[in-house]
Amino acid sequence: MEMKKKLLALLTAGVMALSMAACSSSSAAPSSSAAPSSSSAPETQADDSSEEMLIVYMTPSLDLPFWRYLANGIENEVIDSGMNAKVQLYDSNNSSETQLQNAQDAIALDPAVIIISPTDSSSCPAVLDLAEEAGIPVVIADIGTDSGKYDAFIITPNAVGSQGLGEFVMSYMEQNNITGTAAQITGSLARNNIKARYEGFNAALEAANVELADYKQMQNMTRAEGESLASDLMTANEDLAVIFCHMDEPTLGVVQAVQNADKGDSVLVCGFDGTPETVEKIESGELLAAAIQQPALMGKYAVQCAQKILAGETVEEQIDVDTLLVTKENCRDEEIIKQLEENVFPESKAN
């Protein structure tokens with residue numbers, strides 16, 4: 001119970017800090033960060049320039065907790081590293097058109113660097129072209145791009161994470177003599193990361209000779225949409241035994257749909273990403289397991305890459321950040337709790 005309270009407090013603080021930033025504009029939300037106290041121990045060298053730099057973070061949608069946590073990671077690392085910089089957030093509201101307008105608005109401010117999590121992989125090249133023309137370095141944080149020039153890419157090995165999750169679920173089914181088909185509730189398959197999740201989980205199904213009966217693509221990635229699609233899948237597939245949902249909030253909707261249908265004992269739910277509530281559902285047994293990305297750690301690495309780029313240093317073109325497989329058996333482990341608090345849903349230090 002103590003872990004639940006602590007994790008829920010972290011979520012509330014993170015959401016409140018970023019909500020105040022996001023509400024100042026429908027497409028752009030400024031958020032400044034100050035230098036840390038002298039007692040802090042930054043991992044990278046502090047910036048001694050007297051002129052405050054601007055770091056832009058373009059996010060698909062601050063409605064999803066994942067992107068709020070990634071923004072927290074960016075802002076916290078700017079503070080912890082002692083950079084003389086402010087972070088400005090641009091919310092694309094899951095619209096490629098808004099994303100392009102945000103890019104034009106941001107570039108007009110002449111930022112030192114742009115960090116972008118694209119709305120989808122096919123829309124990212126247009127932003128990269130604008131940044132290249134303006135001579136602004138770009139770090140991509142998750143999702144990826146179909147083409148275009150960028151300086152660094154922070155990415156979760158999505159196929160590896162979803163396959164590992166799938167293998168855990170298949171092993172659980174075998175040990176508990178559970179049979180039946182599986183279904184996926186995916187994000188947009190126009191995103192490279194979503195395609196990787198879809199394929200990775202399918203690889204685990206194929207290895208265990210479990211059929212993928214159906215899959216549904218989400219449009220809004222909300223809890224209500226996850227609940228609705230899960231209800232449809234259970235109605236259409238009487239032998240459904242597993243639902244894998246690709247995002248945190250919709251996964252909680254799937255859990256609700258299964259409970260509403262009184263199928264908690266016959267339909268297993270597993271998810272990708274997570275919030276403190278996700279961990280609660282795993283602890284209670286309503287959610288079997290989740291492959292949880294580390295968005296705050298991704299944000300931290302993005303800032304560290306930006307610092308190296310601005311200093312003229314060489315950076316790795318791609319940096320992988322593994323998922324955490326969280327289950328009922330390990331969700332109370334001290335190391336897992338520490339990683340969740342620091343790298344997944346940390347409290348924002350901004351403002």
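The values are calculated or read from the model by the stated rules, or taken from the named source; none is laboratory data. Model, not experiment: these values are computed from the prediction. Cβ atoms come from the backbone with ideal geometry, glycine included; neighbour counts cover every protein chain shown.
Going by the conditions given, is GLU280 in contact with a Lys or Arg (Cβ under 8 Å, 6 or more places away or on another chain), in a helix (DSSP H, G or I) and closer than 30 Å to LEU212 by Cβ?
Yes.
If we keep just the residues of the stretch 237-266 that are without any contact (Cβ under 8 Å) to a residue 60 or more places away in the chain and of a type in the set (A, V, I, L, M, F, W, C), which is surrounded by the most Cβ atoms within 10 Å (Cβ to Cβ)?
VAL255
Look at ASN176 and say whether it is out of contact with any strand residue (DSSP E or B) (no Cβ under 6 Å at 6 or more places or on another chain) and either buried (at least 19 other Cβ atoms within 10 Å of the Cβ) or of a type in the set (S, T, N, Q) (or both).
It is true that ASN176 is out of contact with any strand residue (DSSP E or B) (no Cβ under 6 Å at 6 or more places or on another chain) and either buried (at least 19 other Cβ atoms within 10 Å of the Cβ) or of a type in the set (S, T, N, Q) (or both).
Hey, among the residues in the stretch 145-157 that are farther than 19 Å from GLN101 by Cα and of a type in the set (Gly, Ala, Ser), which one's surrounded by the most Cβ atoms within 10 Å (Cβ to Cβ)?
In this case the residue turns out to be ALA152.
Looking only at the stretch 307-351, count how many residues are touching a helix residue (DSSP H, G or I) at 6+ places or on another chain (Cβ under 9 Å), within 20 Å of PRO137 (Cα to Cα) and part of a helix (DSSP H, G or I).
1
So MET170 passes all but one of these: (1) in a helix (DSSP H, G or I); (2) at pLDDT below 95. Which condition number does it fail?
Checking MET170 against (1) in a helix (DSSP H, G or I); (2) at pLDDT below 95, the one that fails is (2).
Checking VAL138 against (1) farther than 19 Å from ALA289 by Cβ; (2) assigned by TED's automatic domain parsing to the domain that holds GLU225; (3) not basic (Lys, Arg), which single condition isn't satisfied?
That leaves (2) as the condition not met.
Could you please give the count of residues in the stretch 97-138 that are touching a residue at least 24 places away in the same chain (Cβ under 8 Å), not in a helix (DSSP H, G or I) and not acidic (Asp, Glu)?
Total satisfying the criteria: 16.
Can you pull out the residues in the stretch 290-319 that are among the aliphatic types (A, V, I, L, M) and surrounded by fewer than 24 Cβ atoms within 10 Å (Cβ to Cβ)?
Selection gives LEU297, ILE309, LEU310, ALA311, VAL315, ILE319.
Report yes if some residue within the stretch 190-199 is surrounded by fewer than 19 Cβ atoms within 10 Å (Cβ to Cβ) and either closer than 22 Å to GLU167 by Cα or in contact with a strand residue (DSSP E or B) (Cβ under 8 Å, 6 or more places away or on another chain) (or both); otherwise report no.
So far as the stretch 190-199 goes, yes, one or more of its residues are surrounded by fewer than 19 Cβ atoms within 10 Å (Cβ to Cβ) and either closer than 22 Å to GLU167 by Cα or in contact with a strand residue (DSSP E or B) (Cβ under 8 Å, 6 or more places away or on another chain) (or both).
Could you go through the stretch 184-206 and let me know if any residue there is at negative phi, in contact with a Cys (Cβ under 7 Å, 6 or more places away or on another chain) and among the aliphatic types (A, V, I, L, M).
yes
Return yes or no: is CYS270 touching a residue at least 60 places away in the same chain (Cβ under 8 Å), in contact with a Phe, Trp or Tyr (Cβ under 8 Å, 6 or more places away or on another chain), not hydroxyl-bearing (Ser, Thr, Tyr) and not in a loop (DSSP other than H, G, I, E, B)?
yes
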